[in-house]
Every structure is written in structure tokens, then in C-alpha cells.
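Single-structure report; data block below.
The values are calculated or read from the model by the stated rules, or taken from the named source; none is laboratory data. On a predicted model such as this, the values are computed, not experimentally measured, just so you know. For neighbour counting, all protein chains shown are included, and Cβ atoms are generated from backbone atoms with ideal geometry for every residue, glycine included. The area values use the complete protein model at the heavy-atom level, side chains included, leaving out ligands, DNA and RNA. Shrake-Rupley method; radii C 1.70, N 1.55, O 1.52, S 1.80 Å.
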Amino acid sequence: MTYCLGIKVASGLVAIADTRLTSGTEVSTNKKISVHQLENHSLFIMTSGLRSVRDKAVTYFREVLEEEDGSFNKLYKAVNAFGQQVRRVAREDKEALDAAGLRFNLHAIVGGQLEDDDEHKLYLLYPEGNWVEVGETSPFFVIGNSNYGKPLLFRSLKYDSSLMDALKVGFLSFDSTRVSANDVDYPIDVVMYEEGSFHLTEHRFQKDDLAHLSLQWSMLLQNSVQRLPNDWMDPILEKVRDKV
């Protein structure tokens, strides 16, 4: 499984991807985010799904970028091109996947800004090769193991959140997933993009780098529970006491 999160706020983009790979009982790590940076062409792709089809689609797309990068003046055109490669891999591998009882399940998050984009963009690409763009009311996409991290994002993340707060909430969303699912883990790769900069910044965090934040967050949650009022429980507690 995978945890990849893309966030778009007014001041830029944040991308977080775990690196854990599982195959049966074997566990390894591999980068799930790729970055393309050339003059005023800045984009990243995060993927989830079978590693074989994921790597193949990204490799095909890199070849397209090498040959046709100059023709992509807006990010949606590059997303369309990647979608074509996703459909190509689906056609090539469908028979073999069906025979093995596997499903073509490649999802991708693509973000960045190209020279003629009026602002930075964030897209979610489906296995069928079609896509949707993130909106201001829900400024993020999650692919992979998305069940555990979304509640925090919905509660805490706004389009006008700062880049720093977006990264902070994004990390807590990953951490919530990590402690709840054994198929998501460190290291995590982080990419940040500042509005209008045409420059992507990458960094990898190890578990030891962020363990103190995880511990502090757990303690804050515990303290918050203790500080919640108790009077709302009186009706049911009175019924419990009456039966004693």
C-alpha cells in the first residue's frame, strides 16, 4: 500500500509520499515521487498501485518529456500526456494482469506549474487516464491508504492555510496513517513549491527526524481528551448509577 498526499494552498503546493513497499512478507523502500524541473517547467508525479505498472508508466512519461517537453506550456497538457502513457500500459499489461488475477490500479497525483499556467495546479489522475483538478473547498488529494489521514485534513486544512501549516497538517495526516496501518511507513519524501517560483524543493525525512513530533502530537491528543467537558455525559451516567 501507499500513502501519497498532495496539497494545494494559495501560497503553493506540498507533496508527501511514503516509501514503503510490501510484497507478501517482504518489505523494502522505493521512491514514489518523481520531479521534473527545467526552467519554467516544474512538476512532480506521485503514484500508487502495482509497482510494475507504476514504474513502467513513469518511465514512458519521462521519455515523452525528453522528446516533447517544449510543447507543454500548461500543466494539464502534461497530465494528458501522462494519462496517455497510463492507458498505454493498461493495454500492454491487461492480459498478463488478468491472468494473474490482478487489477490495473494505477492512480497518480500531478502538481506544479508550467510557463503559461496562471497559477500552480494539482491534479488527480485515475487508472482510466482521466483526471480532476483540486478545488479550494477541499484543497488536497490522497491516493493509496486514505482512510486514516483524511479526517485531520478535512478539519484542519484550508485553502488560505500557509505552506508551513499545510506541511505540518500533511505530516500529521501521514503519521495518523502510519500508526494505523502497517503498510505505510518512513522514510517520507517531501516536495514543496512556492507560488510563482518555478522551483521544486525536495527533502527526505527519516523516522528519527520526526519521532519527537509524533510523540508530542500523541500527548496533545491525550491532553485534549482529558480537557473536554464531562457534563454532556450526565444523562447516561445517571441512568448507569440508577441501575447500581
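Here are a few things to note about the model shown:
- Whichever residue in the stretch 152-187 is touching a Gly at 6+ places or on another chain (Cβ under 7 Å) and closer than 18 Å to residue 29 by Cβ and, among such residues, is surrounded by the fewest Cβ atoms within 10 Å (Cβ to Cβ): 177
- Residues in the stretch 173-225 that are β-branched (Val, Ile, Thr) and without any contact (Cβ under 8 Å) to a residue 60 or more places away in the chain: 179, 201, 225.
- Of the strands (runs of 3 or more DSSP E) lying entirely inside the stretch 2-79, none contains at least 3 residues that are touching a Cys at 6+ places or on another chain (Cβ under 7 Å) and at pLDDT below 90.
- Applying the criterion of being open to solvent by 90 Å² or more (accessible area, probe 1.4 Å) and in a helix (DSSP H, G or I) to the residues of the stretch 226-237, the residue that is farthest from residue 171 (Cα to Cα) is 236.
- When the stretch 132-177 is filtered for residues that are in a loop (DSSP other than H, G, I, E, B) and of a type in the set (Val, Ile, Thr), the ones remaining, listed by number, are 134, 137.
- Among the residues making up the stretch 188-209, a single one is farther than 16 Å from residue 34 by Cβ and either surrounded by 17 or more Cβ atoms within 10 Å (Cβ to Cβ) or at pLDDT below 95 (or both): 198.
- Sub-7 Å Cβ pairs linking a first residue in the stretch 62-90 that is more than 16 Å from residue 113 (Cβ to Cβ) to a second residue that is open to solvent by 70 Å² or more (accessible area, probe 1.4 Å) and modelled with pLDDT of 90 or more, at least 6 apart or interchain, are 83/130; 83/131, ordered by first then second residue.
- On inspection, residue 93 does not qualify as under 23 Å from residue 196 (Cα atoms) and surrounded by fewer than 21 Cβ atoms within 10 Å (Cβ to Cβ).
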